1. Compare 62, 43, 186 in a GNM of the chain, Cα atoms joined below 10 Å, and give the one with the largest fluctuation.
2. In nm, what is the difference between 0.36 nm times the number of residues separating residue 39 and residue 227 and their Cα-Cα distance?
3. Using 0.36 nm per residue of separation minus the Cα-Cα distance, give me the extension gain between residue 16 and residue 196 in nm, one decimal.
4. As a test question: what accessible area, to the nearest 10 Å², does residue 64 have when a 1.4 Å probe is rolled over all protein chains in place?
5. Give the distance, in whole Å, between the Cα centre of the range 186-201 and the Cα centre of the range 16-31.
6. For residue 77, what residues show an amide H to amide H distance below 5 Å, using hydrogens built from the backbone and excluding near sequence neighbours?
7. Anything in the chain that counts as a DSSP H helix reaching 27 Å or more along its axis (C-alpha) with Kyte-Doolittle mean of at least 0.0? List them, would you?
8. On average, how much accessible surface per residue is there in the chain, in Å², for a 1.4 Å probe, leaving out ligands, DNA and RNA?
Amino acid sequence: DETAILRCVDTRLEVVSVIKLLIGDDSAPDWTKRRENFIDAFRKQARLNHPNIIHVVNIELRGERTFAVMEAVEGFTLERYLTDATLTPKEVTELSLSVIDAISMAHSSDIVHKGISPRNIMLYQQDNRLSPRILNFGTHRDVSRLDPVSQLPYLAPEQFDNYDNANPASDVYALCATMFFAFTRRPPYLCDNFEQYVELFSQKARQLDFPEGFPAEFSELIKAGLN
């Protein structure tokens with residue numbers, strides 16, 4: 001779905017918030033379904049009270065406008081952060097454990113993220129260390145329109161038929177692909193387009209190359225998660 005992100009000031013509480021606004025033509029045939037998907041995703045995220053998940057404050061329906069109000073966190077996405085920096089194995093481990101704990105809690109509430117990736121994990125400084133916050137739980141996507149570099153490499157094979165086929169195992173796949181990126185600054189598999197990914201996942205045996213220096217204690221874990 002097309003959205004806009006706005007940074008706003010709540011004049012009553014005197015705090016900075018972030019608004020995610022759904023964009024579209026409210027007379028379009030698919031508008032009602034798009035709005036329902038948008039509201040459902042943020043209702044689910046609002047039920048998850050975890051320090052590593054962005055907190056949803058409210059959902060507003062005002063005339064033609066539909067938007068969610070969230071806490072504002074200063075930082076960079078994992079994708080953006082690793083364009084200029086690297087993480088040590090210890091830092092990757094700490095960040096991953098926090099994300100895993102948050103996703104585990106979501107799964108215990110029967111909520112699947114569906115789209116874990118480096119661009120859906122926000123990093124911010126907390127007590128002189130990096131702490132993650134997970135964004136965008138349960139949003140609906142048209143798989144064929146996802147970016148082949150920043151989004152498709154983190155999507156589980158079953159979601160290429162239908163994005164909403166996601167289940168807890170899909171999140172495990174995405175978590176392991178994201179961990180691979182955190183260690184190497186590249187996805188585990190990279191193709192040019194949607195069709196090539198479909199062809200890749202049709203193969204029973206996929207070659208996964210771990211670069212020199214990749215922590216050996218994580219290679220089997222990530223390989224298992226990606227299978």
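The values are calculated or read from the model by the stated rules, or taken from the named source; none is laboratory data. Keep in mind the model is a prediction, meaning the values are calculated, not measured. Cβ atoms come from the backbone with ideal geometry, glycine included; neighbour counts cover every protein chain shown. Heads up: the accessible areas ignore ligands, DNA and RNA and are worked out on the full protein's heavy atoms, side chains in. Shrake-Rupley method; radii C 1.70, N 1.55, O 1.52, S 1.80 Å.
1. Evaluated over the chain, the most mobile residue of the options is 62.
2. Gain on extension, residue 39 to residue 227, equals 64.4 nm.
3. 60.5 nm
4. We get 130 Å² for residue 64.
5. 30
6. So residue 77 has HN proximity to 123.
7. Going by DSSP H runs, the hits are 89-108.
8. Dividing the accessible area of the chain by its residue count gives 55 Å².
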